[in-house]
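Working notes, beginning with the structure itself.
The values are calculated or read from the model by the stated rules, or taken from the named source; none is laboratory data. On a predicted model such as this, the values are computed, not experimentally measured, just so you know. A quick note on method: Cβ atoms are made from the backbone with ideal geometry, for glycine too, and the neighbour counts reach across all protein chains shown. The area values use the complete protein model at the heavy-atom level, side chains included, leaving out ligands, DNA and RNA. Shrake-Rupley method; radii C 1.70, N 1.55, O 1.52, S 1.80 Å.
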Amino acid sequence: MATESAGWGAPSWLFSRKLSLACLLLATTLGVCARMEDNPLQPLDDTIHDIFYLHGSSDFAWFSRWVLSSPGHFQTVVALGLIGTILLLRLEQRSSVVVFILPLLLTGVISVSLKALVSRMRPDTSVGLENFAWPSGHSMLATVFWGLVCFFIIRIYADNNTGSEKINRLAETKNATRMWIAFIVFTGCGRLLGGVHWFTGVIGGIAIGILILQTALMRVHPMRT
């Protein structure tokens, strides 16, 4: 059940082996297809691209590219990462800083490596972006970063500030899960609205991000008392 807590306020289904296997198979399949010269999923990507990308509104495309893409944007993640680290230190959770930072670094390394390996070109509408398209690093990073915030940092803060009703409500599993999913959808849609990523790249990034987040939270779980 989504309301069951497994460790740090995350839903129990997030730790499911079936979910891990599904994400692994999905990411592998999408990655293989993206690497193919005659990508069988290209018609799907073209259709969704035409639906999402607002060709007649360049201003909105710019807005969605840079604003709706946050917090996957590098500068935003660095800033919020520093804030998260400072908060953990103030809460005397020094051992948790590494658990918070390493998944973010791993996400960056995996994103860059897979982009170079798959070498799929971005949509023609991705003006000014020269790196490759698969997977969507923004979607991957949003999945990991906001998962750590919603299921990890907020939970720690709630445990240390039990008198704050608002924080306690945010730390509830169902609310934390809703926030996490909302941030993922927000970021993924921003990449599509901005015309800088294919749909399968966004889905692949989310799938890989879930796998990284699972690993991080499973590392955290034994630390909880």
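Can you run down the residue pairs with Cβ atoms below 6 Å, 6 or more apart or on separate chains, where the first is in region 84-100 and within 15 Å of THR215 (Cα to Cα) and touching a residue at least 24 places away in the same chain (Cβ under 8 Å) and the partner is part of a helix (DSSP H, G or I) and open to solvent by less than 80 Å² (accessible area, probe 1.4 Å)?
Going by the 6 Å Cβ cut-off, the qualifying pairs are SER96/LEU88; VAL99/VAL220; PHE100/GLY84; PHE100/LEU148.
What is the one condition in (1) out of contact with any helix residue (DSSP H, G or I) (no Cβ under 8 Å at 6 or more places or on another chain); (2) crowded, with 23+ Cβ neighbours inside 10 Å; (3) of a type outside the set (Lys, Arg) that GLY209 does not satisfy?
Unmet condition: (1).
For the structure I just gave you, tell me whether LEU114 is at pLDDT 90 or above and aliphatic (A, V, I, L, M).
yes
Conditions first: (1) surrounded by 12 or more Cβ atoms within 10 Å (Cβ to Cβ); (2) of a type in the set (Gly, Ala, Ser); (3) modelled with pLDDT under 80. GLY56 passes all but one, so which condition is the exception?
All conditions are met except number (1).
Restrict the check to region 210-219 and report whether at least one residue is at pLDDT below 80 and in a helix (DSSP H, G or I).
Yes: one or more hits.
Would it be correct to say that ARG169 is among the basic types (Lys, Arg) and touching a residue at least 40 places away in the same chain (Cβ under 8 Å)?
Against the criterion (among the basic types (Lys, Arg) and touching a residue at least 40 places away in the same chain (Cβ under 8 Å)), ARG169 does not qualify.
Anything in region 120-129 that is modelled with pLDDT of 85 or more and open to solvent by 50 Å² or more (accessible area, probe 1.4 Å)? List them, or say none.
Within region 120-129, MET121 is the sole residue that qualifies.
List the number of the failed condition for VAL196; all other conditions in (1) open to solvent by 40 Å² or more (accessible area, probe 1.4 Å); (2) in a loop (DSSP other than H, G, I, E, B) hold.
(1)
In this structure, is ARG155 at pLDDT below 85 and crowded, with 16+ Cβ neighbours inside 10 Å?
yes
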